[in-house]
Amino acid sequence: MVRAIAITIWKYWDPIYFSFTRLQYLVHDKKEGVFRVRLTRYKGKEVELSDGTRICKNDLLLKIHLHNVKLLQDFSCIQNEILKGKGIFKQVKNSMPLLASYILNHPEEARIKGIIGITLINKGFKPLGFESVLPVNKFYCWFKKTTQIPIILISSSRVSLDSIKKHHPVYLMMSKDQLIEKYKKLV
């Protein structure tokens, strides 16, 4: 019951949060896809991705945010964590072609080097084509972990202090070329 109340409050708070960010939906119909995005300048250490793409300080990236309240609503009735994880994975995978299309049609397409997100999720992202990179700024890691703990508490049926401690923020990154190569044909 507490989880249902928290999701309801979040559902009404989310549009207010959205209005204060520069986030955009991938398509005009807000129901399509599970990502909201914005352009950002990369501020971390230089990274070379597996396809040879170098991401350097101030490179232009598309920052992806999962629409968590939408996912929580969609999967709130599923108690089995494995089924919930598979369902979320499927929705994320189905949204990846929308990311490719969004970048290909963006006015800054030529300058965008890739996509980036930050998460406490430590598995299941490699089949999607993401690579993980540890942020180096300890304060940023602490801040991100603190802000994402409520999501863990609301989304998981069983949470322990040990399970929270073992999760650490990571950047999930993918080059624009890899994203387009892997998902453009699905658009």
According to a simple spin-label model (label point 7 Å from Cα along Cα-to-Cβ), what is the distance in nm between PHE75 and HIS168?
-> 2.4 nm
Calculate, in whole percent, how much of the Cα-Cα pair population of segment 2-186 lies beyond 21 Å.
-> 52 percent
Using a Gaussian network model of the chain whose springs link C-alpha atoms within less than 10 Å, name the residue from GLY114, GLY129, GLY52 with the highest mean-square fluctuation.
-> GLY52
Listed residues THR147, THR40, THR53; largest mean-square fluctuation, Gaussian network over the chain with Cα springs below 10 Å, found at THR147
Straight-line reach from LYS90: which lysines have Cα under 23 Å away, leaving out those fewer than 8 places along the same chain?
-> LYS11, LYS30, LYS31, LYS63, LYS70, LYS123, LYS126, LYS176, LYS182, LYS184, LYS185
Farthest positive-ward along the chain dipole, Cα basis, beta-carbon charges - from ASN80, SER101, PHE18 | ASN80
For the chain, which longest stretch is free of loop sites, where a loop site is one of the GluC sites (Glu not before Pro) that DSSP puts outside H, G, I, E and B and that has at most 16 other Cβ atoms within 10 Å?
-> 110-187
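Coordinate-derived values only; no laboratory data. Everything numeric in this text was worked out from a predicted model, so none of it was measured. No Cβ is skipped: glycine too gets one built from the backbone with ideal geometry, and neighbour counts run over all protein chains shown.
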